[in-house]
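The values are calculated or read from the model by the stated rules, or taken from the named source; none is laboratory data. As the structure is a prediction and not an experimental result, all values here were calculated from the model. Glycine gets a Cβ as well: all are built from the backbone with ideal geometry, and neighbour counts include every protein chain shown.
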Amino acid sequence: MISVVVPFYNEEENIEPLHTELSNTLKSLGRDYSIIFVDDGSADNTYKNMLDVREKDDTVKIIKFRKNFGQSAALKAGFDNAEGNIVISMDGDLQNDPSDIPKLLEKIENEDYDVVCGWRADRKDPFSKKISSKFANLLRKITTGEKIHDSGCTFRAYRNRCVKGLDLYGEIHRYIPAMLLWKGHKIGEVKVKHHPRKYGKTKYGLQRLGKGLLDLVVISFWQRYSVRPIHVFGGLGLLLGISGTLLGGYMGIERLLFGRGLSDRPLFLLAILMVIIGVQFVASGILADIMCKLYYGQNERKNYLIEKTVG
């Protein structure tokens, strides 16, 4: 079975044409399928148009949010309600082409991938959006180690087990490949078609870009230090504390041997500040370690992922 998750926010004109294209593609596969439309608190007729589609097609399931929670939350709700062995996610703006779904399925099933990402090799977006996307993709590759070309593309195929239990919030949906790579999943990509937007307005802007960059900082830190945050906080604390102690000790020796004053020397104040900040960093690392133990301890959450058990 295949489940297709599509989040919408003020996309009233795109509901019916997307459903038509999507249904034609899924019917041609000859498999059981379900379509999950998520209304992310739209202020137009998006929900009404979803209901109209639902009356004609009972494979459509609708999830309506009370308010706009963001695309990450909408995808999370869709993933939590997806029952298919393979889960497809895509945008609701008609820029992704449902006819590419067979390519995603072929790649994920025949080459034993856990996730297959769409690669918009020939994007039909404004130049400014292309440039910002290239910059964001380069930054992701440097900080997360992922090697796919277009991790910002929502058009992806997942094995169901990969998306269950994903913590999605903020603008973090664009880093799902990095999160799954960190968990040890095998990630591939295929080139997909990309169309110019016909209806509605893009939801991307400088504000979302800034939020995405901040989320990238969190993801990068979580990948490296989620098990032992004391290693980064404690390391910085020790470096600052030892440096401040050595600097203060040197100046203290100067005071004792050569009678040089301390109260009028900025370096002495800097040494004291470095020691204080170093202690604070170590304390923060200990507190973060305790919080991680609580995080992994709740609901029997583990800091490892088993691929297979034999016997």
Listing of helices (runs of 4 or more DSSP H) fully contained in region 1-87 that carry 3 or more residues being of a type in the set (D, E, K, R), surrounded by fewer than 22 Cβ atoms within 10 Å (Cβ to Cβ) and not assigned by TED's automatic domain parsing to the domain that holds Asp97: none
Pairs with Cβ under 7 Å, 6+ apart, first in region 254-279 and within 20 Å of Gly241 (Cβ to Cβ), second part of a loop (DSSP other than H, G, I, E, B): Phe268/Leu262
Residue that is assigned by TED's automatic domain parsing to the domain that holds Ser72 and more than 24 Å from Lys27 (Cα to Cα), where the choices are Ile172, Ile108, Ile101: Ile172
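Pull up region 169-179, narrow it to residues that are of a type in the set (A, V, I, L, M) and either buried (at least 22 other Cβ atoms within 10 Å of the Cβ) or in a strand (DSSP E or B) (or both), then point me to the one that is modelled with the lowest pLDDT.
First pass over region 169-179, keeping only residues of a type in the set (A, V, I, L, M): 172, 176, 178-179.
With the extra rule that they be either buried (at least 22 other Cβ atoms within 10 Å of the Cβ) or in a strand (DSSP E or B) (or both), the set shrinks to 172, 176, 178.
On the way: Ile172: 78, Ile176: 88, Ala178: 84.
Looking at residues that are of a type in the set (A, V, I, L, M) and either buried (at least 22 other Cβ atoms within 10 Å of the Cβ) or in a strand (DSSP E or B) (or both), I get Ile172.
So which of Leu216, Leu267, Leu246 is surrounded by 15 or more Cβ atoms within 10 Å (Cβ to Cβ), among the aliphatic types (A, V, I, L, M) and either modelled with pLDDT of 85 or more or outside any loop (DSSP other than H, G, I, E, B) (or both)?
When all the criteria are applied, what remains is Leu216.
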Some residue of region 115-123 being surrounded by fewer than 18 Cβ atoms within 10 Å (Cβ to Cβ) and out of contact with any Lys or Arg (no Cβ under 7 Å at 6 or more places or on another chain): yes
Residue list for region 185-205, filter: loosely packed, with under 15 Cβ neighbours inside 10 Å, touching an Asp or Glu at 6+ places or on another chain (Cβ under 7 Å) and modelled with pLDDT of 80 or more: His195
Residue within region 58-78 that is of a type in the set (Asp, Glu) and either in contact with a helix residue (DSSP H, G or I) (Cβ under 8 Å, 6 or more places away or on another chain) or touching a residue at least 60 places away in the same chain (Cβ under 8 Å) (or both) present: no
Pick from region 40-57, criterion touching a residue at least 24 places away in the same chain (Cβ under 8 Å), touching a strand residue (DSSP E or B) at 6+ places or on another chain (Cβ under 7 Å) and not charged (D, E, K, R), ranking: farthest from Ser72 (Cα to Cα): Val53
Residue within region 35-42 that is modelled with pLDDT under 95 and more than 22 Å from Leu166 (Cα to Cα) present: yes
In region 115-168, residue nearest to the chain's Cα centre (by Cα) [restricted to those that are in a loop (DSSP other than H, G, I, E, B) and among the β-branched types (Val, Ile, Thr)]: Thr154
